[in-house]
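The structure's right below; bear with me while I get my questions together.
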Amino acid sequence: MALTPDYDSDPERFRLAGRVTRKYLIGARSLHDHVAMKLVNTGASLVLDIGCGEGALSAALPRPAPLRLVGLDASAALLRAHPRPCVRGDALRLPFRDGTFDAAVAVNMLYHLDDPGPALREARRVLAPGGMLLVSAICRNDSPELSPVWRPEPTPFDAEDAPDRVCEVFGEVEVERWDAPLITLPDRAAIRDYLIARRVPRPQAAEAAAHLDTPLPVTKRGSLVVARR
């Protein structure tokens, strides 16, 4: 029984994705924690978080925050929970002047777009000279332990081609890859929620979870691509 993700814009799915990852992560810091530390270590003072959701990156920063983070998201529902400053806007038409930010971030966001190229060009536009872009992408064979019941569909910005897509706009990139059992789902309810967060329709997610043994270690595969203007 193979399932196809249900592509929609339900804000609750985005909330669930973050909760499931944080709750069941084992032996490693989250991707948002890692990105936050990279931003702090580079000395960026003004950062744009494209597709910020409810503020996972903001929450990962140390307190007091050593930089100013501006969140941007298309969802008004998600932005209501994000600390200020935040802006409702489109990644394809960023509402900021050229060269505004020291860094821009898009964590597991660009795959939502039919073509990530215009968003990457917009991100480059709003970066100051020498400014840093950090974008993450998930592999097509992520979560292989779930392959008996679900396989992710290819997207316009998978980890396999993300470095090349960023290179088209920025010219040179650095790539950090991960491939490890980073999550353990302890029961079928956790598997169900994990699938729902990955856009499997809710009834099918519950049915699929019933076919898997628990606890279920899940191998996460993806890449963080870093570029400079």
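In the range 151-163, what residues are open to solvent by less than 10 Å² (accessible area, probe 1.4 Å) and touching a residue at least 60 places away in the same chain (Cβ under 8 Å)?
Within the range 151-163, 159, 162 qualify.
So which residues in the range 35-48 are in a loop (DSSP other than H, G, I, E, B) and among the hydroxyl-bearing types (Ser, Thr, Tyr), if there are any at all? Steps first, answer last, please.
We begin by selecting, within the range 35-48, every residue in a loop (DSSP other than H, G, I, E, B); these are 43-45.
The one that is in a loop (DSSP other than H, G, I, E, B) and among the hydroxyl-bearing types (Ser, Thr, Tyr): 45.
Just a yes or no: is a residue in the range 23-34 in a helix (DSSP H, G or I), over 24 Å from residue 201 (Cα atoms), aliphatic (A, V, I, L, M) and modelled with pLDDT under 95?
Within the range 23-34, the subset in a helix (DSSP H, G or I) is 23-24, 31-34.
Add one more test, that the residue is over 24 Å from residue 201 (Cα atoms), and what stays is 31-34.
Checking the rest, the ones that are also aliphatic (A, V, I, L, M) come to 31.
Narrowing the set further to residues that are modelled with pLDDT under 95 leaves 31.
Looking through the range 23-34, at least one residue is in a helix (DSSP H, G or I), over 24 Å from residue 201 (Cα atoms), aliphatic (A, V, I, L, M) and modelled with pLDDT under 95.
The values are calculated or read from the model by the stated rules, or taken from the named source; none is laboratory data. Bear in mind that the values here come from a model prediction, so they are computed numbers and not experimental data. Because the Cβ atoms are built from the backbone with ideal geometry, glycine has one as well, and the counts that use them run over all protein chains shown. Protein only, heavy atoms only, side chains kept; ligands, DNA and RNA dropped before computing areas. Shrake-Rupley method; radii C 1.70, N 1.55, O 1.52, S 1.80 Å.
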